[in-house]
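The values are calculated or read from the model by the stated rules, or taken from the named source; none is laboratory data. Being a predicted model, the structure only gives us computed values, none of them experimental. Ideal geometry is used to build each Cβ from the backbone, glycine not excepted, and the neighbour counts take in all protein chains shown.
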Amino acid sequence: MTSRTIGIIGSGIAGCSMAYQVGTQSGEPAEIVVLERAPEIGGRIKRISVGGQSINAGGKYIHSSNELLLGLANTLGLKLSKPMKPKHGPSGIWNGHRFVVRTDGPAWRANASIVRRYGLSILRIHWVTQAFLRRFRRVYRLPVSTAGFETPTDLLHAIGLDHLLWIPGDEYLRDKGISDRAIDEFVSAITRNFYAQNASEIHAFACLVALVGGGTVGSVYTVDGGTIQFCQQLLERSNATVKTDMEIRSIEADGSTVSVATDTEDFEFDVLCIAAPLEPADISIGRSLEGVDFPEDIGFVRLESQFVAGECSPEYFGSTDAPPGSVVTTADSTEPFYDLHRQPTDGETGTYVFALASREPSVPVTETDIFYDVTEVQTIPWNAYPEFTPRSDTAPFRLHPNVYYINAMEPVISAMETQVIASRNVWNLMKETD
């Protein structure tokens with residue numbers, strides 16, 4: 001039997017899970033080729049070494065509701081653990097001058113602080129997020145789980161959540177009886193941490209996904225040894241050929257063949273799956289794909305993640321002892337950063353490593369009063385997330401009978417689980433075509 005050649009552009013979690021499905025579930029032989037622009041696989045999932053410590057520099061959290069990721073982790077034999085919290089040092093929601101809420105110390109004290117400041121709003125946030133999650137879980141059930149939807153909007157319509165795409169997050173929560181204070185501080189601290197955007201700037205669907213991921217319901221886990229193991233093992237089990245340092249120049253579909261030209265090599269595929277963003281890319285699209293209706297107003301948030309080995313001033317955050325553990329900021333914060341996190345280490349002594357996320361261009365840490373005795377700084381600039389402005393139009397998953405766009409999901413929502421859901425949907429579309 002002649003094998004089909006399947007091309008996949010992008011080796012992040014979407015591309016790797018797509019390769020895994022093709023490699024392990026195809027009813028016919030398939031040759032899989034994964035093209036990655038960067039020198040290494042993983043996309044925004046990275047593992048870097050700073051200050052002698054190996055830390056995650058990209059996607060790292062898995063929520064207890066993420067059925068596809070949890071299933072893959074079990075299949076791959078990956079061990080999950082709850083994230084370590086620093087034992088000492090101030091953590092909480094910071095407005096640039098003071099902590100409006102402290103979350104360090106005993107859980108009961110942190111919860112009491114949150115309820116005292118936000119009152120019934122914090123319970124309403126919990127109820128709204130719980131109701132959202134119950135409906136979202138329909139994506140894992142029949143008939144949705146085996147159907148192939150043409151657009152992300154169609155997929156969300158099938159589970160009754162598409163209306164959340166055109167409602168601003170703050171407006172939706174306000175209609176649910178949640179106070180402006182809770183939205184601007186508590187909710188926006190979480191959306192800024194996840195997407196570097198305030199609740200007022202994003203649609204309600206992104207806002208609620210962030211609240212779920214932020215732990216307002218359920219539990220959050222990390223992968224022991226790094227999330228990059230997902231990509232490594234999915235590709236290994238798919239038996240895919242992986243080619244890195246491949247800058248895509250053009251894509252053209254001609255009849256039953258899809259041609260992809262890179263700066264070093266040309267390829268021909270029977271089917272092409274694109275698991276990287278086309279909107280900001282400098283790729284020539286052939287005439288057969290020119291009629292695709294992409295939303296024109298998709299912008300991207302450019303972040304600089306700074307990883308700092310050194311000391312962080314306790315006095316800067318109003319403390320006199322240990323450096324801060326986890327600091328997220330309010331919508332009206334005067335700080336140059338969205339969030340600051342002390343990375344977990346084997347002990348509480350020695351060199352600390354801090355992760356600091358800021359809009360590009362960021363303020364160099366050496367020019368702030370936050371850090372001192374800095375021994376190493378690694379700065380990673382990246383197109384972190386699409387701007388999740390309320391919208392009703394989304395790009396299609398199917399660009400051509402032989403070309404599929406997994407990344408159509410990302411301008412709707414950017415999360416590891418939803419990228420795996422998108423690759424599952426494309427796989428379902430491919431099976432329907434076959």
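Things to note:
- Of residues in the stretch 1-32 being out of contact with any helix residue (DSSP H, G or I) (no Cβ under 9 Å at 6 or more places or on another chain) and at pLDDT 95 or above, the one nearest to P277 (Cα to Cα): G7
- Odd one out for F354, checked against (1) in a loop (DSSP other than H, G, I, E, B); (2) free of Cβ contacts under 8 Å to residues at least 60 places away in the same chain; (3) of a type outside the set (S, T, N, Q): (1)
- Count - residues of the stretch 222-268 that are over 22 Å from the mean Cα position of the chain (by Cα) and on the phi > 0 side of the Ramachandran plot: 3
- Considering only residues in the stretch 316-334 that are of a type in the set (A, V, I, L, M) and in contact with a helix residue (DSSP H, G or I) (Cβ under 8 Å, 6 or more places away or on another chain), the one that is surrounded by the fewest Cβ atoms within 10 Å (Cβ to Cβ) turns out to be A331.
- Pairs linking a residue in the stretch 107-125 that is closer than 22 Å to F205 by Cβ and surrounded by 18 or more Cβ atoms within 10 Å (Cβ to Cβ) to a residue that is among the basic types (K, R) and at pLDDT 95 or above, with Cβ atoms under 9 Å and 6 or more positions apart or on different chains, are S121/R181; I125/K176.
- For Q378, the conditions (1) surrounded by 20 or more Cβ atoms within 10 Å (Cβ to Cβ); (2) in a strand (DSSP E or B); (3) assigned by TED's automatic domain parsing to the domain that holds G96 all hold with the exception of (1).
- Residue in the stretch 192-205 that is within 21 Å of the chain's Cα centre (by Cα) and surrounded by fewer than 15 Cβ atoms within 10 Å (Cβ to Cβ) present: no
- Checklist (1) out of contact with any helix residue (DSSP H, G or I) (no Cβ under 7 Å at 6 or more places or on another chain); (2) of a type outside the set (V, I, T); (3) surrounded by fewer than 22 Cβ atoms within 10 Å (Cβ to Cβ) applied to R391, failing item: (1)
- When V363 is tested against (1) in contact (Cβ under 8 Å) with a residue 60 or more places away in the chain; (2) of a type in the set (A, V, I, L, M); (3) part of a loop (DSSP other than H, G, I, E, B), just one condition goes unmet, and that condition is (1).
- Residues located in the stretch 83-99, provided they are under 18 Å from the mean Cα position of the chain (by Cα) and either more than 16 Å from V327 (Cβ to Cβ) or modelled with pLDDT of 95 or more (or both): none
- Yes/no for I62 being within 20 Å of the chain's Cα centre (by Cα), touching a residue at least 60 places away in the same chain (Cβ under 8 Å), outside the structural domain of T244 (by TED's automatic domain parsing) and more than 16 Å from C273 (Cβ to Cβ): yes
- Pair list, Cβ < 8 Å and 6+ apart or interchain, from the stretch 34-59 residues that are closer than 14 Å to I13 by Cα to residues that are of a type in the set (K, R) and assigned to a strand (DSSP E or B): V34/K243; L35/K243; E36/K243
To keep it simple, each residue is scored yes or no on (1) touching a strand residue (DSSP E or B) at 6+ places or on another chain (Cβ under 6 Å); (2) farther than 16 Å from L278 by Cβ; (3) among the polar types (S, T, N, Q); (4) modelled with pLDDT of 90 or more.
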residue: T349; (1), (2), (3), (4): no, yes, yes, no
residue: F354; (1), (2), (3), (4): yes, yes, no, yes
residue: A357; (1), (2), (3), (4): yes, yes, no, yes
residue: I380; (1), (2), (3), (4): yes, yes, no, yes
residue: T389; (1), (2), (3), (4): no, yes, yes, yes
residue: A408; (1), (2), (3), (4): no, no, no, yes
residue: I413; (1), (2), (3), (4): no, yes, no, yes
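- Residue within the stretch 401-414 that is within 30 Å of W94 (Cβ to Cβ), under 17 Å from the mean Cα position of the chain (by Cα), among the polar types (S, T, N, Q) and part of a strand (DSSP E or B) present: no
- Selection within the stretch 400-429 - surrounded by fewer than 24 Cβ atoms within 10 Å (Cβ to Cβ) and under 21 Å from D270 (Cα atoms): H400, P401, N402, V403, R424, W427, N428, L429
- Residue in the stretch 293-316 that is within 17 Å of T394 (Cα to Cα) and in a strand (DSSP E or B) present: yes
- Strands (runs of 3 or more DSSP E) fully within the stretch 38-99 counting 3 or more residues that are surrounded by 20 or more Cβ atoms within 10 Å (Cβ to Cβ): 92-94
- Subset tally (residues that are touching a strand residue (DSSP E or B) at 6+ places or on another chain (Cβ under 6 Å) and under 20 Å from P401 (Cβ atoms)) for the stretch 243-263: 8
- Test result for F337, among the aromatic types (F, W, Y) and either in contact with a helix residue (DSSP H, G or I) (Cβ under 7 Å, 6 or more places away or on another chain) or not in a loop (DSSP other than H, G, I, E, B) (or both): no
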